[in-house]
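The values are calculated or read from the model by the stated rules, or taken from the named source; none is laboratory data. Owing to the predicted nature of the structure, the values given are computational and were not obtained by experimental measurement. All Cβ positions, even for glycine, are placed from backbone atoms using ideal geometry, and neighbour counts span all protein chains on display.
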Amino acid sequence: MSGCLDNCRLPECEWFQIGERRNAIASVVGGAMFFIGWWIIIDAAATYPDQKHFHHACHTCGVIGTIALFMINSVSNGQIRGDSYSDGCFGQTAARVWLFIGFLLGFGALISASWILFGLYVVNNNDKPNWPGVAVFLQNAFIFFGGLIFKFGRTEELWE
(Lines give C-alpha, C1' and ligand atoms only; values in the text may rest on other atoms or scores of the structure.)
Protein backbone atom coordinates (compact mmCIF):
# COMPACT_ATOMS: atom_id res chain seq x y z
CA MET A 1 0.00 0.00 0.00
CA SER A 2 2.87 2.37 0.60
CA GLY A 3 3.94 2.28 -3.04
CA CYS A 4 0.56 2.87 -4.71
CA LEU A 5 1.50 6.38 -5.85
CA ASP A 6 5.06 5.59 -6.90
CA ASN A 7 4.19 5.60 -10.61
CA CYS A 8 2.26 8.88 -10.48
CA ARG A 9 4.42 11.79 -11.63
CA LEU A 10 3.67 15.45 -12.05
CA PRO A 11 4.75 16.95 -15.35
CA GLU A 12 8.18 18.56 -15.27
CA CYS A 13 8.29 22.33 -15.65
CA GLU A 14 11.25 23.42 -17.76
CA TRP A 15 11.14 27.00 -16.48
CA PHE A 16 10.99 26.04 -12.79
CA GLN A 17 13.54 23.45 -11.76
CA ILE A 18 14.73 23.67 -8.21
CA GLY A 19 17.35 20.94 -8.39
CA GLU A 20 20.30 21.69 -6.15
CA ARG A 21 18.81 24.97 -4.91
CA ARG A 22 16.14 23.26 -2.82
CA ASN A 23 17.96 23.70 0.49
CA ALA A 24 18.67 27.36 -0.22
CA ILE A 25 15.08 28.09 -1.18
CA ALA A 26 13.66 26.29 1.85
CA SER A 27 16.10 28.11 4.14
CA VAL A 28 15.25 31.52 2.71
CA VAL A 29 11.49 30.92 2.84
CA GLY A 30 11.63 29.52 6.39
CA GLY A 31 13.85 32.37 7.59
CA ALA A 32 11.63 34.97 5.90
CA MET A 33 8.56 33.54 7.61
CA PHE A 34 10.36 33.64 10.97
CA PHE A 35 11.36 37.26 10.33
CA ILE A 36 7.85 38.27 9.26
CA GLY A 37 6.40 36.71 12.41
CA TRP A 38 8.67 38.68 14.70
CA TRP A 39 8.23 41.83 12.61
CA ILE A 40 4.46 41.65 13.07
CA ILE A 41 4.70 41.38 16.86
CA ILE A 42 7.28 44.18 17.02
CA ASP A 43 4.84 46.36 15.08
CA ALA A 44 2.03 45.56 17.49
CA ALA A 45 4.24 46.22 20.52
CA ALA A 46 5.37 49.55 19.08
CA THR A 47 1.83 50.59 18.15
CA TYR A 48 0.34 49.67 21.56
CA PRO A 49 3.12 50.14 24.15
CA ASP A 50 0.86 50.31 27.20
CA GLN A 51 -0.33 47.31 29.22
CA LYS A 52 -3.99 48.29 28.80
CA HIS A 53 -4.22 47.36 25.12
CA PHE A 54 -1.42 44.80 24.77
CA HIS A 55 -0.18 42.91 27.82
CA HIS A 56 3.53 42.14 27.59
CA ALA A 57 3.05 38.60 28.89
CA CYS A 58 1.62 37.73 25.46
CA HIS A 59 5.20 37.72 24.13
CA THR A 60 5.74 34.40 25.91
CA CYS A 61 4.02 32.50 23.09
CA GLY A 62 6.48 33.83 20.52
CA VAL A 63 9.48 33.00 22.69
CA ILE A 64 8.24 29.44 23.22
CA GLY A 65 7.54 29.13 19.49
CA THR A 66 11.09 30.28 18.74
CA ILE A 67 12.53 27.74 21.18
CA ALA A 68 10.39 25.08 19.48
CA LEU A 69 11.75 26.11 16.07
CA PHE A 70 15.31 25.64 17.32
CA MET A 71 14.47 22.31 18.95
CA ILE A 72 12.77 20.94 15.83
CA ASN A 73 15.58 21.96 13.51
CA SER A 74 18.47 20.91 15.76
CA VAL A 75 17.75 17.22 15.08
CA SER A 76 18.51 15.91 11.60
CA ASN A 77 16.39 13.36 9.79
CA GLY A 78 19.29 10.90 9.92
CA GLN A 79 19.29 11.10 13.71
CA ILE A 80 15.56 10.34 13.78
CA ARG A 81 15.94 7.34 11.48
CA GLY A 82 19.04 6.14 13.34
CA ASP A 83 21.29 6.39 10.28
CA SER A 84 23.86 8.88 11.48
CA TYR A 85 23.52 8.98 15.25
CA SER A 86 25.12 5.98 16.85
CA ASP A 87 27.39 7.61 19.45
CA GLY A 88 26.31 9.25 22.65
CA CYS A 89 24.50 8.15 25.75
CA PHE A 90 20.91 8.32 24.47
CA GLY A 91 20.97 7.63 20.73
CA GLN A 92 17.97 7.56 18.44
CA THR A 93 15.36 7.53 21.22
CA ALA A 94 16.59 10.79 22.72
CA ALA A 95 16.58 12.45 19.28
CA ARG A 96 12.96 11.37 18.76
CA VAL A 97 11.93 12.57 22.22
CA TRP A 98 13.68 15.91 21.60
CA LEU A 99 11.83 16.34 18.30
CA PHE A 100 8.52 15.36 19.90
CA ILE A 101 8.98 17.90 22.70
CA GLY A 102 9.83 20.53 20.08
CA PHE A 103 6.61 19.81 18.21
CA LEU A 104 4.65 19.89 21.47
CA LEU A 105 6.07 23.31 22.29
CA GLY A 106 5.32 24.58 18.77
CA PHE A 107 1.73 23.36 18.81
CA GLY A 108 1.31 24.63 22.36
CA ALA A 109 2.52 28.10 21.38
CA LEU A 110 0.14 28.16 18.41
CA ILE A 111 -2.81 27.00 20.52
CA SER A 112 -2.06 29.51 23.27
CA ALA A 113 -1.79 32.28 20.66
CA SER A 114 -5.26 31.26 19.44
CA TRP A 115 -6.53 31.41 23.01
CA ILE A 116 -5.04 34.88 23.45
CA LEU A 117 -6.63 36.07 20.21
CA PHE A 118 -10.10 34.76 20.94
CA GLY A 119 -10.12 34.87 24.74
CA LEU A 120 -8.66 38.32 25.28
CA TYR A 121 -9.42 40.23 22.10
CA VAL A 122 -12.43 38.79 20.26
CA VAL A 123 -14.80 37.58 23.00
CA ASN A 124 -13.90 39.98 25.83
CA ASN A 125 -13.18 43.02 23.70
CA ASN A 126 -13.87 45.79 26.29
CA ASP A 127 -12.87 48.58 23.87
CA LYS A 128 -9.52 46.95 23.07
CA PRO A 129 -8.18 46.98 19.53
CA ASN A 130 -8.05 43.54 17.91
CA TRP A 131 -4.67 44.00 16.21
CA PRO A 132 -2.49 42.86 19.15
CA GLY A 133 -4.35 39.55 19.36
CA VAL A 134 -4.16 39.03 15.61
CA ALA A 135 -0.46 39.91 15.72
CA VAL A 136 0.25 37.33 18.44
CA PHE A 137 -1.55 34.65 16.43
CA LEU A 138 0.14 35.60 13.14
CA GLN A 139 3.54 35.67 14.82
CA ASN A 140 3.18 32.14 16.11
CA ALA A 141 1.66 30.86 12.88
CA PHE A 142 4.53 32.30 10.83
CA ILE A 143 7.15 30.95 13.26
CA PHE A 144 5.58 27.48 13.33
CA PHE A 145 5.09 27.12 9.59
CA GLY A 146 8.49 28.67 8.89
CA GLY A 147 10.03 26.05 11.14
CA LEU A 148 8.16 23.28 9.34
CA ILE A 149 9.35 24.57 5.95
CA PHE A 150 12.90 24.80 7.26
CA LYS A 151 12.74 21.25 8.67
CA PHE A 152 10.96 19.37 5.90
CA GLY A 153 11.82 21.54 2.89
CA ARG A 154 15.50 20.65 2.94
CA THR A 155 17.09 17.35 1.98
CA GLU A 156 20.20 15.84 3.52
CA GLU A 157 21.39 14.43 0.20
CA LEU A 158 22.25 17.94 -0.99
CA TRP A 159 24.49 18.57 2.05
CA GLU A 160 27.17 16.15 0.87
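When Val136 is tested against the conditions (1) touching a Gly at 6+ places or on another chain (Cβ under 9 Å); (2) surrounded by 15 or more Cβ atoms within 10 Å (Cβ to Cβ); (3) over 24 Å from Phe35 (Cα atoms), the lone failure is (3).
A single entry from Ala113, Ala109, Ala68, Ala135 fulfils the requirement of being under 17 Å from Gly31 (Cβ atoms) and touching a helix residue (DSSP H, G or I) at 6+ places or on another chain (Cβ under 8 Å): Ala68.
The single condition among (1) within 27 Å of Arg21 (Cα to Cα); (2) among the aliphatic types (A, V, I, L, M); (3) at pLDDT 95 or above that Ile101 does not satisfy is (1).
Give the residue, chosen from Phe118, Phe152, that is of a type in the set (Phe, Trp, Tyr) and at pLDDT 90 or above. First the steps, then the outcome.
Details: Phe152 fails: at pLDDT 90 or above.
Result: Phe118 is the single residue among Phe118, Phe152 that is of a type in the set (Phe, Trp, Tyr) and at pLDDT 90 or above.
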